[in-house]
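Taking it in order: structure first as structure tokens, then the write-up.
The values are calculated or read from the model by the stated rules, or taken from the named source; none is laboratory data. From a predicted model like this one, the values you see are computed outputs, not experimental measurements. Ideal geometry is used to build each Cβ from the backbone, glycine not excepted, and the neighbour counts take in all protein chains shown.
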Amino acid sequence: MTPFQALLTGPDGGPAGTPVSAHFFGAQLVIDAPGHGVDVAQLIVSVGGVDGPELFLNWLDEPGRQASLKPLTADDIAIVLREAPAALQPQLQRLWGERQRNRRQVSGWLLGLTGATVVATALLWWQGGHAVGALAGLIPLSTEKQLGELALAQVRAQGGISESGVAQQTVQEIGRQLTTGSRYQYRWLVKQDDTVNAFAMPGGIIVVHTGLLRQAGDPGELAGVLAHEVQHVEQRHSLRQMISSLGWGALVGVTIGDISAVAAMLAHQAGTLYFSRDMEEEADRLGLLALQRAQIRPDGMLHFFQKLDDKDKANVPGWISSHPQTAARAQQIRSLIAATPCPACVPLASQHWQAMKALVASADK
């Protein structure tokens, strides 16, 4: 119950932050002023600080607003690490330990980067996308996974997320066929949402809306969507887009495992990332090849694009709005299928398909 001094940013602390005193009491993080508690089960830990150590306890209040508590000094951080309840300790110890290891691993790289600031700045101005892509390759998988978990926490806070049940099992059954041998351990989730949408988050998290499941005519069409989203993970498109919007300083921070710079943005970015046309075309092309490797007929991808393109775009804002040029890309997919025949590919079957379709149809009534 030792108090520690911290900066509260967000609900009641304002956007600039307010100095407060806080302490742990049972399973609660108690903030003495303005005077409220947060259940530690709601806390997401992130770490930061290029010049010095920083630790953040992040959560969402009931209206879904982001809040963050940052212990002010190394002594305050030590109190949190020592006195946090057992439920919070695994996050704290793992992330704090990873932070120290990541900083040591890239210290030499940062030293060289500091000595070449002018060159680096010129590269970012001249070929920003390529520079971000190259530097994104330096980000450890553990840090990428941490980013994905933070993003998922924000999506969970919006409600309607399911990690079990027949709809999730259907997505997982099909998705696993497309990710054999991947370096990522994929997680397949379903969100109760009527919009036709699916999205990928860093670290191998794929979320599919029930509106898309309702729209998919057969397992092959769903496989086409999942193959596309998986390639956004495999090629690190989601990671690159998330960090490229934050600027040079945040990119350096993420590269060394300090992800606090992006924590506040994840609630807005998860599920709404806009990819370049090159990234979309790459996800189409490599997704189609992934379908063929799994010996799944790839025309489901084409059929789903055609189905969306035939609809009034105002009625399908999610997947269409973040995947532009649908008609042109459908034509490209058609050409790729013709150029790479797959005699061994067969229509996809799913043991859960009919039960899933009945479930999402009943939810629509």
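Of the set (1) crowded, with 23+ Cβ neighbours inside 10 Å; (2) over 23 Å from residue 295 (Cβ atoms); (3) in contact (Cβ under 8 Å) with a residue 60 or more places away in the chain; (4) not charged (D, E, K, R), all apply to residue 202 but (3).
Do we have residue 238 as hydroxyl-bearing (Ser, Thr, Tyr), surrounded by 24 or more Cβ atoms within 10 Å (Cβ to Cβ) and under 18 Å from the mean Cα position of the chain (by Cα) here? So residue 238 fits the description; yes.
Being in the same structural domain as residue 180 (by TED's automatic domain parsing), farther than 24 Å from residue 211 by Cβ and either at pLDDT 90 or above or part of a helix (DSSP H, G or I) (or both) holds for only one residue in 330, 338, and it is 338.
Do any helices (runs of 4 or more DSSP H) entirely within the range 10-125 hold 3 or more residues that are at pLDDT below 70 and charged (D, E, K, R), and if so, which?
Values: elements: 74-83, 89-105, 107-114.
Counting at least 3 such residues, we get 89-105.
Can we say residue 198 is touching a Leu at 6+ places or on another chain (Cβ under 6 Å) and modelled with pLDDT of 90 or more? Yes, satisfied. Somewhere in the range 160-172, is a residue within 18 Å of the chain's Cα centre (by Cα), part of a strand (DSSP E or B) and among the hydrophobic types (A, V, I, L, M, F, W, C)? Within the range 160-172, one or more residues are within 18 Å of the chain's Cα centre (by Cα), part of a strand (DSSP E or B) and among the hydrophobic types (A, V, I, L, M, F, W, C). Consider the range 185-199 and keep the residues that are crowded, with 24+ Cβ neighbours inside 10 Å and part of a loop (DSSP other than H, G, I, E, B). The one that is nearest to the chain's Cα centre (by Cα) is 197.
So which residues in the range 212-266 are assigned to a helix (DSSP H, G or I), among the charged types (D, E, K, R) and at pLDDT 90 or above, if there are any at all?
Residues satisfying the conditions are 214, 221, 229, 234.
Look at residue 293 and say whether it is out of contact with any helix residue (DSSP H, G or I) (no Cβ under 7 Å at 6 or more places or on another chain), at pLDDT 80 or above and in the same structural domain as residue 223 (by TED's automatic domain parsing). Criteria met by residue 293.
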